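Notes to accompany the following structure.
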Amino acid sequence: MRSLIREIYSNAFEFVRTFGAFQLFFLRLLRHSPRMIMRRPGLVIKQIYNTGALSLVIIMVCGFFVGAVLGLQFYTNLAKFNAEDSVGTVVAMALIKELGPVITALLFAGRAGTALSSEIGLMKATDQLSAMEMMAVNPVRRVLVPRFLGGVIAMPFLVAIFTCIGLFGANVVAVDLLSVDIGSFWQQMQTTVQPSDIHEGILKSIVFGTVASLLAVWEGYNAIPTAEGVGRATTRTVVITAIAVLILDFMITAIML
Amino acid sequence: MQQTRSVEIGTGLFVLLGMSALFFLTTQTTGGDGFSADDTYEVTAFFENVGSLKSRAPVAMSGVTIGRVNSVTFDADTLQAKVVFEIDSVYGSIPDDSDASILTAGLLGSQYIGLQAGGSEDYLEEGSEIFFVQDAIVLENLIGKFLVNAKSGGDE
């Protein structure tokens, strides 16, 4: 019994300590960020390409089908109240405010986050990071900061693309397949959606992008330098990112309302 | 070198695609009903009850949006609600004895101000006040009146 309490206590203590180290790591990355953008933009651009442009396939395909299924589901349920013309409004609000940022963040963690953490973990396991330190190259600045910045910059764009293609998917399903009037689909959406909703979505995308990239880079940098350790780091990235994104989503929604 | 070029082209295309998506979101999905005019003039009206009228609500005449509500505040001097709204300067010939009523769009929609033209020769201009107003319909008062009428009708 006593050992259980001791274990819980030490686990809680470890959690707090890790969380603190995580915050300090974040500040360290932020400190080097401006210099990296100004002096070595090529590195950052390459990482934007790796995290953003290469994620486009999954984002666009998933976006289309999420929008399509939303259109289908909402149409079925709105038809009971003879309110099918509001499909556009409801899908737009759901996508712009909630599903766009959250699903994109989860997909981003799955595709780009795992790529980042496994790449950095492997660099650590094969001693590339220590080799850089021996050559007086700061591995945090050279390797971690560009990847972090690449993720942060790519996320808002990915969310915007996801949302737009989602709306297009809903349009295809509602207008072409379910005979909703295209005029009322877009016009009702334009009346109800306010710029503040879009601002909320963009804010969420920036926050989620920061969290997802930060967690991926952190897990990779602190991976146990073995094959099993890198695998574990990759899994942890996805799991912790998912949990963090959903908790933050609730908090941001509560604040913005 | 080839690889760097394709990386840069890919990133450039990605950012362009993202920006156009953002642009599409902000322009095509919002504010269709938003009223935006460069030149407007402000008009004031005092109401006993504004219901759920909010700022940015449309101001319509014959059903066409010609302006927007700027502010809804409580005026401590007159103990009434003060509504300040702006009308597009293109519509410069609205008679100054027009009446302003608070109407509801549809059955359960949001409230807006409807103007009905009067017959005066003078027109509304910057800073005018509309004197003929009709308050928002409060459901409880309506039901109360109905009940009183029904009761008195029953007694007769």
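The values are calculated or read from the model by the stated rules, or taken from the named source; none is laboratory data. This structure is a prediction, so every number in the text was calculated from the model and none was measured. Here the Cβ is made from the backbone with ideal geometry for all residues, glycine too, and neighbour counts use every protein chain on show. Quick note on the areas: whole protein, heavy atoms, side chains included, nothing else; ligands and nucleic acids left out. Shrake-Rupley method; radii C 1.70, N 1.55, O 1.52, S 1.80 Å.
Residues checked against (1) open to solvent by 90 Å² or more (accessible area, probe 1.4 Å); (2) within 22 Å of the chain's Cα centre (by Cα); (3) among the β-branched types (Val, Ile, Thr):
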site	(1), (2), (3)
A:Ile5	yes, no, yes
A:Tyr9	yes, no, no
A:Phe15	yes, no, no
A:Thr18	no, yes, yes
A:Phe22	no, yes, no
A:Leu29	no, yes, no
A:Ser33	no, yes, no
A:Met38	yes, no, no
A:Pro41	no, no, no
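Tell me the residue from B:Leu139, B:Leu147 that is more than 20 Å from the chain's Cα centre (by Cα), within 20 Å of B:Ser52 (Cα to Cα) and loosely packed, with under 12 Cβ neighbours inside 10 Å, please.
Being more than 20 Å from the chain's Cα centre (by Cα), within 20 Å of B:Ser52 (Cα to Cα) and loosely packed, with under 12 Cβ neighbours inside 10 Å holds for just one of B:Leu139, B:Leu147, which is B:Leu139.
Would you check which residues across the range A:177-201 are surrounded by fewer than 20 Cβ atoms within 10 Å (Cβ to Cβ) and more than 7 Å from every other protein chain (Cβ to nearest Cβ) and list them?
Of everything in the range A:177-201, those that are surrounded by fewer than 20 Cβ atoms within 10 Å (Cβ to Cβ) and more than 7 Å from every other protein chain (Cβ to nearest Cβ) turn out to be A:Leu177, A:Leu178, A:Ser179, A:Asp181, A:Ile182, A:Gly183, A:Ser184, A:Trp186, A:Thr192, A:Ser196, A:Asp197, A:His199.
Taking the criterion of being more than 10 Å from chain B (Cβ to nearest Cβ), open to solvent by less than 40 Å² (accessible area, probe 1.4 Å), touching a residue at least 12 places away in the same chain (Cβ under 8 Å) and of a type in the set (S, T, N, Q), would at least one residue in the range A:154-167 satisfy it?
no
Inspect all residues belonging to the range B:95-108 and state whether any of them is at pLDDT 85 or above, within 14 Å of chain A (Cβ to nearest Cβ) and open to solvent by 30 Å² or more (accessible area, probe 1.4 Å).
no
Read through the list (1) part of a helix (DSSP H, G or I); (2) farther than 21 Å from A:Met189 by Cα; (3) over 20 Å from the mean Cα position of the chain (by Cα), then give the number of the only condition that A:Leu70 fails.
(2)
What are the residues in the range B:18-54 that are at the interface with chain A (Cβ under 9 Å from one of its Cβ atoms), modelled with pLDDT of 80 or more and open to solvent by 20 Å² or more (accessible area, probe 1.4 Å), if any?
B:Met19, B:Ser20, B:Leu22, B:Phe23, B:Phe24, B:Thr26
Given the conditions (1) more than 15 Å from A:Ala216 (Cβ to Cβ); (2) among the charged types (D, E, K, R); (3) within 27 Å of the chain's Cα centre (by Cα), report the number of the one that A:Asp127 does not fulfil.
(3)
Do the conditions hold for A:Ala174, that is, is it within 14 Å of chain B (Cβ to nearest Cβ), part of a helix (DSSP H, G or I) and buried (at least 24 other Cβ atoms within 10 Å of the Cβ)?
Answer is no for this residue.
Which ones in the range A:185-222 are under 14 Å from A:Phe26 (Cα atoms) and of a type in the set (Ser, Thr, Tyr)?
Listed by number, the residues that qualify are A:Thr210, A:Ser213, A:Tyr221.
Kindly indicate whether A:Ala83 is open to solvent by less than 40 Å² (accessible area, probe 1.4 Å) and more than 14 Å from the chain's Cα centre (by Cα).
yes
Looking at (1) aromatic (Phe, Trp, Tyr); (2) surrounded by fewer than 18 Cβ atoms within 10 Å (Cβ to Cβ); (3) within 14 Å of another protein chain (Cβ to nearest Cβ), find the lone condition where A:Phe64 falls short.
Answer for A:Phe64: the failing condition is (2).
Within the range A:86-139, take every residue that is buried (at least 17 other Cβ atoms within 10 Å of the Cβ) and among the polar types (S, T, N, Q) and give me the one that is modelled with the lowest pLDDT.
So, considering only residues that are buried (at least 17 other Cβ atoms within 10 Å of the Cβ) and among the polar types (S, T, N, Q), the one modelled with the lowest pLDDT is A:Ser86.
I'd like to know if the range B:85-105 contains one or more residues that are of a type in the set (Phe, Trp, Tyr) and closer than 24 Å to B:Ala37 by Cα.
yes
Return the pair list, or none, for Cβ contacts closer than 8 Å from residues in the range A:36-58 that are under 17 Å from A:Thr210 (Cα atoms) to residues that are of a type in the set (Asp, Glu), at least 6 apart or on different chains.
A:Ile45/B:Glu8; A:Tyr49/B:Glu8
Is it the case, given these coordinates, that A:Thr51 is more than 30 Å from A:Leu257 (Cα to Cα) and open to solvent by less than 70 Å² (accessible area, probe 1.4 Å)?
yes
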